[in-house]
């Protein structure tokens, strides 16, 4: 029996508003992401990339079609169940880091575990392991975000995203606020975590270099999935047109 894919979208469309004022963000997008794959999503502003991430995470629901996450049809889950699935199985990394400014590094990484019912000591221990995995050790853990470099802030955000041991990491322009050298270090880290932890990664980026870190790149244009680029084992890219 084939393994259950992490993500399965079937003819997904998303429209906002109604009547003459309606806006179509996605049109009949179908996408299968196997467990452990690293997928880069590219496209111009307004192509539907952020909408795609919101639908995958269950933060929004499609106007038509279905979104299945880890074998569960999100449209069939009540809001509480979708929230619980998202908390346990999905990690988020954002361009603006989204850290709590008044909390220390340790506290920023620990809080998702407290929602899951971990004891304070167990949460601290697991957060320490996540921070070590992203290269943050020692006194830096007692600092607040304003006292960190941008690269350190993004590492904290990645540790927080991974502290619950999710199956899926959604990264929305994670290098957008970083210089090129720091951005490459963050991409190296995400790729290493994908390889070592086997976490599935969906990376949204405008950066063609960043997209090369994926096993596969899909391109959105005007809400449609127009190309699917895969990198076979010999590293010679193969372009698969999906919709012209």
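Only the coordinates and a few stated rules stand behind these numbers; no lab work does. Note that this is a predicted model, so its numbers are computed, not measured. So basically every Cβ, Gly included, is an ideal-geometry build from the backbone, and we count neighbours across all protein chains shown.
Were the residues from residue 221 through residue 129 laid out at 0.36 nm apart, the gain over their Cα-Cα distance would be 29.2 nm.
Extension gain for residue 66-residue 84 works out to 4.6 nm (0.36 nm per residue, less the C-alpha to C-alpha distance). Over the chain, Cα pairs under 8 Å with separation of 6+ residues give a relative contact order of 26 percent.
For the pair residue 179 and residue 230, label points projected 7 Å from Cα toward Cβ lie 4.0 nm apart.
Among DSSP beta bridges whose residues both lie in the chain, state the antiparallel percentage, nearest 5. Antiparallel bridges: around 55 percent, rounded to the nearest 5. When the square roots of the Cα gyration tensor eigenvalues are ordered a ≥ b ≥ c, the ratio a/c for the stretch 34-119 is 1.5 or more and a/b does not exceed b/c, which makes its shape oblate.
With the highest mean first, a sort of the peptides 98-104, 114-120, 188-194, 162-168 on other beta-carbon atoms found within 10 angstrom per residue produces 162-168, 188-194, 98-104, 114-120. In the chain, the DSSP-assigned H stretches of four residues or longer account for a calculated mean residue ellipticity at 222 nm of -10000 deg cm²/dmol, using -39500 (n - 2.57) per stretch and the full residue count as denominator. Pairs of Cα atoms nearer than 8 Å and 6+ residues apart set the relative contact order; for the stretch 45-145 it is 23 percent.
Model label points for residue 188 and residue 22, set 7 angstrom from Cα along the Cα-to-Cβ axis, are 4.9 nm apart.
Residues within the reach of a label modelled at residue 197 (point 7 angstrom out along Cα to beta-carbon, backbone nitrogen below 15 Å), restricted to the stretch 95-115, are 109-113.
Its relative contact order, with pairs defined as Cα atoms under 8 Å and 6+ residues apart, puts the stretch 1-98 at 30 percent. Between residue 137 and residue 115, the modelled label-to-label distance comes to 3.0 nm, taking each label 7 Å out from Cα in the direction of the beta carbon. What angle, in degrees between 0 and 90 and rounded to the nearest 10, separates the Cα long axis of helix 150-162 from the longest principal axis of the Cα atoms of the chain? Rounded to the nearest ten degrees, it is 80.
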